[in-house]
Every structure is written in C-alpha cells, then in structure tokens.
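Trainee: I am attaching a structure below and will ask some questions about it afterwards.
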Amino acid sequence: MQYTHLIVGGGSAGCALAARLSEDAGNNVCLLEAGPDFAPDRTPADILDTYAGMALSNPAYVWSGLKIRRGDGPYLTQAARQPINFEQGRVIGGGSSINGQVALRGAEDDFDRWDAAGATGWDWHAVLPYFRRLESDRDFVDQWHGNEGPIPVRRFPREQWDDYTLSVGRAWESQGYRYLPDMNGEFAEGYASLPLSNDGERRISAALGYLTREVRARRNLTVMGDAQAARIRFEGRRAVAVELLPGASGPGRLEARTIIVASGALHTPQLLMLSGIGPAEQLARFGIDVLVDRQGVGRNLQDHPSISISGYLRASVRKKHMFRRNYSYLRYSSGFPGCDDIDMVMMSVCRSAWHALGGRIGTLSTLLGKPHSRGWVGLASPDPSTEPEVCFNWLDDDRDRLRMMDAFRRMAVIARLPVVAKFLEHPFPSSYSERVRQIGRKTPVNIVLTGIAAALMDSGRPIRDLMIEHVIRDGPSLDVLLGDDGKLATHVVSEATSAWHPCGTCKMGRADDPMSVTDPHGKVFGTENLYVADASIMPEIPRTNLNLPSIMIGERVADLLRQAA
C-alpha cells in the first residue's frame, strides 16, 4: 500500500498533522510512533495524571539510551563533562505525554524574528490563527484565544494558590513586578498562574486531544506504535519510502507520496543524516552516501537551561495544598548588554517530585528564555538503533553564564526574604541530578525510602538540617556560592539542567543560507516530497515552553500541504 502522507513521529506536531491531514477523505495517512501507542480509553494512569512528574519518571515512555553532554567549556568540572541521561518522549503524544503541561505560546516578536530570519510567513499574525485553532481556553473568550480546539487551556486563580506560592508572588511584587491575568494575551514583565493543558482531572496530550476515538475510526488513518524509522529511501531526490527497524509492529518498508519527519529536535536530524542528508564530511565518516550536503542538519541546537534553589516547606503550607502541583511564573528582563528584554523566566514550584519527600520540598527555578549558546546533534554510528551524539553547550556564551549567575543570586534573595522564609526553610542549591532522577522512579523501594526521608524531615529542625546538609544537598552551600563568584560560575555551568525544550536543528530559512535545512513550507532543501514539521525547524527558540508552538507547527504545515495539493 502507498500512503499519500507518511508521518514519522507521533509527538505533539505529528498527532496534529495526522488528525488534520486525515480530515480530507482523499488522503490516506499513516502515523508512525517509535514507542507504544495507546487508544484514548487505554491511556495509562501516570500519563493521565495532572502531576507531570508521574509520567516523566517512567522509563517506559522515554528513549532509554539517550544521553547528552552539557559541553566542553572551561568552567565545567570533569564530572560535569560526562554524558548524562536525557528524557525525550518515546510514546504516542511524545513530549506532550510526559511534560509539565505548560500551555504557553511565546512572544509576538519571537515569531516575527522567525520571519525576518528567512522563515517567511511565520510571523505572529500568520501563526496566531493556528494557536487559536489548537486550543480551547477555559478562561478567556476574545480575538487572542481559541475556544473550540482539541487542547484545553486552564489556569489556577490566585485565590486557590498555597501560602508558599502566594508568598513568592508577594516577593515579586515587592520588587516591582505586577500580576498578569493572562500570559497568552499579554507578553510583558510580570507574574501569573501558568496556563496548563489539562481539563482539571487529566492531562490532555496531543494524542488525547487530536487522536480521539472518532479520529482513529477514520478509514484513511493508520496509527502504528512500536515502529521506529531506520532511514528514508529515495528514487533520485524523491523520497519514496521509510524503512523501519527490525521488530517493528508493521511491515519493514512503507511507501508514500509525501513523507513528513516529526521526530523531534534530536531524532529528526539523526534520521536525515542516516538517510544521506546532512554535512557531507560527517556522512562520509560513517560510510553514508551523500544525497544532499546540508551543513545545517544537526546544528543550531537550542534549549532553555535552568538552575534551582530548593527548601523545606513547612507543614502549614502543605496542609493548605489544594493541588498536587502549582506553578507561578515570572517573566523578567536581565538587563545584561546584548540581551533581549524579557529574556528570563523564574518559577515557583510547591511540590518538587511525586513522592512524599518531594511534597516537602519547594523550589525556585530560573531558565534562560533567550539563550545565546548553541549546541549540535551528530551521528554516533551508522546504525539507526544507536542514539545520536548530543551536545547542548549550555551557558557556553558568556552572556548566558553571567545571566544564570545573576538569576541564582536573585532566587537566593527571594528565598531569604521574610515573606517567603516563613514558609520555605533552609534554602539550598538543587538540581535534577542522576541521584534525583533515580529516586524519582516510582518503585516500591523508592516509595519506602522517600517515605522514611519525609518522616525524618518532619521529625524536627536538627534532624532536618542534617538531612539537607548531608543527604539531600550535593555540592557547596548557598552561602559558599554567594560568597565566591568563581565557585558560583562553576556551579551554574556544572549543575544547569534542561527544561526539555530542544529545538532548531533543522531550521527553516532561505535556500542560500547553508545553515537552513527546510524552506518555509517545511520542505527539505535538495529533495522532493520530503518535509520536516516539529520543533527542529524553529530558527530561534521562543521565550517559552515549546509544546504549544510545536503543535502549532503541525497545524500550520498540515494546512500548507493541503493548500499545495
């Protein structure tokens, strides 16, 4: 069978593409997902859970062998140069099935800059209709919001926030920041309740929102789980088929008139390189015949690195928790030379993990909304079952490192303000370390261990202080870092972690730009019938979480393909 459209990757963009393209009865669409596929009524409870950490900590939903490197910069310790695990969704819905459910769009000028950079037709006014199309906002009805889309968007009003979250809001107000009722309607400095993609009872991933029972019943849509692409096959420059790894749930080769790669910012460039599209010298090194020499494949990797400070939440805060997790979110300008306005994001999190210990840890976390550092994705092997090499180069640019040091100092000030300190005790530097990752897996042993640790934390101040200083905290104390700029620089570079927002590795742009990989329709330069539609085509990272922008890309490329048909 030959499909009209074969979509490689069942993540946020891929689900939107499959649903929209199969609306046309003349199309015959196949969606491939490397991980498991779940029908809506069989979606596991941990994916449905409105507390995002449940799904993220389940290794069944991520690429088990995927590792990344922070970089090679001079501030990095030897330990920090080593590869670390990195969670990317390998399940129907992709990142939208395991992420924090944050439903933000980005700034208007983020998309205007895409247009100016060569992604013509992706300015704010062009993309706004697709943001409106994808959402069903439960709080606002106006020209800026959609109310009939597949993804619900809702917010926790301030009167429902816990005391710790409220105290951080008061601290931000004392520093001159105002409350913003709607972060998707006004991109300005200030803080707000984060809009979330759940209906109050369960997560609504792109899979649940777009691949409903009714959509899956369409005779012209096939969804294949456990079907990992190995390479794309061509006749001349025309993409004609996708080969699957042995053991896939379907046939080993699938043919299509149009192939759309939506495998994410790390695996999309890998698949292109395995198929002969990428930097010629790298392909030759692995014995891959060069079909299209395109230097930009795998380059321009961007992310939102973050740094955190945590502390013990007093029992009075936890007694008032109305939700299993609450976010408040501050946008602010760093003021550093050469940096955009509103280039930073600070978050207040009242629960740091699913387990009992995590319920006693509150966190302040800050990420770089507009980083200057760039990383890369490359092949580690010509074997498609081997994960790619990934180096983010977080904080490699001096401006990024200095802004993150400044962010750490700002969070320390807030954590020690009396209005916050009466709810958050004993602040300490924290990070998503490998130890935290391992204890975050929901196993019987971890349930027992975290329960014991939580009981010890509650047993009294002396034991709690000992637990934080000698068991929970890794590395120097807050006072040591604040008193030594060199140590602070080493800390932020070595302990910075990802917000899981990789993008940019197959960017849209002009044909005469050697670092561009696709044209503004998502069509891969130098090929026929081959497109990319996911976060990898973003020329620059938006100053926000990437789930809604990724779904928007799927919506818009589907529309462009239908218009071109």
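The values are calculated or read from the model by the stated rules, or taken from the named source; none is laboratory data. Quantities reported herein were computed from a predicted structural model and do not represent experimental measurements. Cβ atoms come from the backbone with ideal geometry, glycine included; neighbour counts cover every protein chain shown. These area figures cover heavy atoms from the full protein model, side chains too; ligands, DNA and RNA do not enter into them. Shrake-Rupley method; radii C 1.70, N 1.55, O 1.52, S 1.80 Å.
Trainee: Please list 3J(HN,Hα) in residue order for segment 551-565, calculated via the Karplus relation 6.51 cos²θ - 1.76 cosθ + 1.60 where θ = phi - 60°; whole Hz, with x for glycine and proline.
Mentor: Computed from phi, the couplings for segment 551-565 are 4, 4, 4, x, 4, 6, 5, 4, 5, 4, 5, 5, 5, 7, 5 Hz.
Trainee: Where the centroid of each part is defined by its Cα atoms, how far is segment 89-128 from segment 433-504 in Å?
Mentor: Here the answer is 32 Å between Cα centres.
Trainee: Here is a further query. Decide, for segment 19-166, between rounded, prolate and oblate: order the square roots of the alpha carbon gyration tensor eigenvalues as a ≥ b ≥ c, take rounded if a/c falls under 1.5, and otherwise choose prolate if a/b is larger than b/c, else oblate.
Mentor: Rounded is the answer for segment 19-166, as its axis ratio a/c remains below 1.5.
Trainee: May I ask you to compute the full-extension gain from L449 to W144, defined as 0.36 nm times their residue separation minus their alpha-carbon distance, rounded to one decimal in nm?
Mentor: 105.1 nm
Trainee: Angle check, please: helix 398-416 long axis (alpha carbons) against the longest principal axis of the chain (alpha carbons), in degrees 0 to 90, nearest 10.
Mentor: 40 degrees
Trainee: Counting heavy atoms of the protein chains only and a 1.4 Å probe, report the per residue accessible area for segment 73-232 as a whole number of Å².
Mentor: Averaged over the residues of segment 73-232, the accessible area is 39 Å².
Trainee: Once the principal axes of the Cα atoms of segment 487-565 are found, what is the range along each, listed largest first in whole angstroms?
Mentor: So the extents along the principal axes, rounded to whole Å, are 57, 28, 16.
Trainee: Hey, rough spin-label estimate for L466 and R202, points 7 angstrom out along Cα→Cβ, what's it come to in nanometres?
Mentor: For L466 paired with R202, the spin-label model returns 4.6 nm.
Trainee: Tell me, what is the FRET efficiency for V436 and Q78 to the nearest 0.05, using R0 = 25 angstrom and their Cβ-Cβ distance as r?
Mentor: Efficiency, rounded to the nearest 0.05: 0.75.
Trainee: Relative contact order (percent) for the chain, with alpha-carbon contacts under 8 angstrom and 6 or more residues of separation?
Mentor: That works out to 21 percent.
Trainee: Work out the FRET efficiency for D513 and E281 from their Cβ-Cβ distance, taking R0 = 25 Å, and round it to the nearest 0.05.
Mentor: Efficiency for this residue pair is about 0.85.
Trainee: If you don't mind, there's one more thing I want to ask. Report the rotationally averaged projected area of the chain based on its alpha-carbon convex hull, in square nanometres.
Mentor: 24.2 nm²
Trainee: Quick one: accessible area per residue over segment 335-376, 1.4 Å probe, rounded to a whole number of Å²?
Mentor: 28 Å²
Trainee: Can you pull the percent of the chain's accessible area that's carbon plus sulfur, 1.4 Å probe, other chains left in place?
Mentor: Roughly 51 percent, rounded to a whole number.
Trainee: Could you tell me the distance between the Cα centroids of segment 1-73 and segment 287-301, to the nearest Å?
Mentor: 25 Å
Trainee: Follow-up question, since we're still on this one. Quick one: Karplus J couplings for segment 500-515, per residue in order, coefficients 6.51, -1.76, 1.60, θ = phi - 60°, nearest Hz, x for Gly and Pro?
Mentor: 6, 10, x, 6, x, 7, 9, 5, 6, x, 8, 4, 7, 8, x, 8
Trainee: Taking a 31 Å limit on the Cα-Cα distance, which of the listed pairs K319/K442; K422/K487; K370/K422; K319/K370; K442/K507; K67/K422 fall beyond it?
Mentor: Table pairs above 31 Å Cα-Cα are K370/K422; K319/K370; K442/K507; K67/K422.
Trainee: For K523, list the aspartates and glutamates whose Cα falls under 13 Å from its own Cα; do not include residues on the same chain fewer than 8 positions away.
Mentor: D534
Trainee: May I pose another question? Check E528: other-chain or 5+ apart residues with amide H under 5 Å from its amide H, H built from backbone geometry?
Mentor: Amide H neighbours of E528, under 5 Å, 5+ apart: R238, A239.
Trainee: Of the options G53, N28, I68, report the single residue whose Cα projects farthest towards the positive end of the charge dipole of segment 1-95 (beta-carbon charges: Lys, Arg +1; Asp, Glu -1).
Mentor: Going by the charge dipole, the pick is I68.
Trainee: Could you go through segment 530-540 in sequence order and give the Karplus-derived ³J(HN,Hα) for each residue, using 6.51 cos²θ - 1.76 cosθ + 1.60 with θ = phi - 60°, rounded to whole Hz, and x for Gly and Pro?
Mentor: 10, 10, 10, 8, 6, 5, 5, 8, 5, x, 9
Trainee: Dipole magnitude of segment 356-430 about its Cα centre, charges +1 at Lys/Arg Cβ and -1 at Asp/Glu Cβ only, in debye to the nearest 20?
Mentor: That gives segment 356-430 a dipole magnitude of about 660 debye.
Trainee: Continuing with this model, one more query. Suppose every Lys and Arg Cβ carries +1 and every Asp and Glu Cβ carries -1, with no other charges. What dipole size does the chain come out with about its Cα centre, to the nearest 20 debye?
Mentor: The dipole magnitude comes to about 1380 debye.
Trainee: Now for a separate question. Which cross-chain or sequence-distant (5 or more) residues have an amide H under 5 Å from the amide H of E389, H modelled 1.01 Å from N in plane?
Mentor: Placed amide hydrogens put G378, L379, A380 under 5 Å from E389.
Trainee: Using a 1.4 angstrom probe on the protein heavy atoms only, could you order Y329, Y75 from most to least accessible area?
Mentor: Final ranking, largest accessible area leading: Y75, Y329.
Trainee: What nm value, rounded to one decimal, do you get for the distance between R473 and S385 when each label is placed 7 Å out toward the C-beta?
Mentor: The answer from the label model is 4.6 nm.
Trainee: Also, I was wondering about something else. Using alpha-carbon pairs under 8 Å, 6+ residues apart, how would you state the relative contact order of segment 90-221 in percent?
Mentor: 27 percent
Trainee: Here is a further query. Would you mind working out the accessible area per residue for segment 416-543, using a 1.4 Å probe, and quoting it in Å²?
Mentor: Accessible area per residue: 42 Å².
Trainee: What is the set of long-range amide H partners of T258 at a cut-off below 5 Å, with H atoms built 1.01 Å from backbone N?
Mentor: The list, which skips near neighbours in sequence, is H5, L6.
Trainee: While we're here: Ordering I307, I452 by how much accessible area each has at a 1.4 Å probe, largest first, what is the list?
Mentor: If we order I307, I452 from most to least accessible, we get I452, I307.
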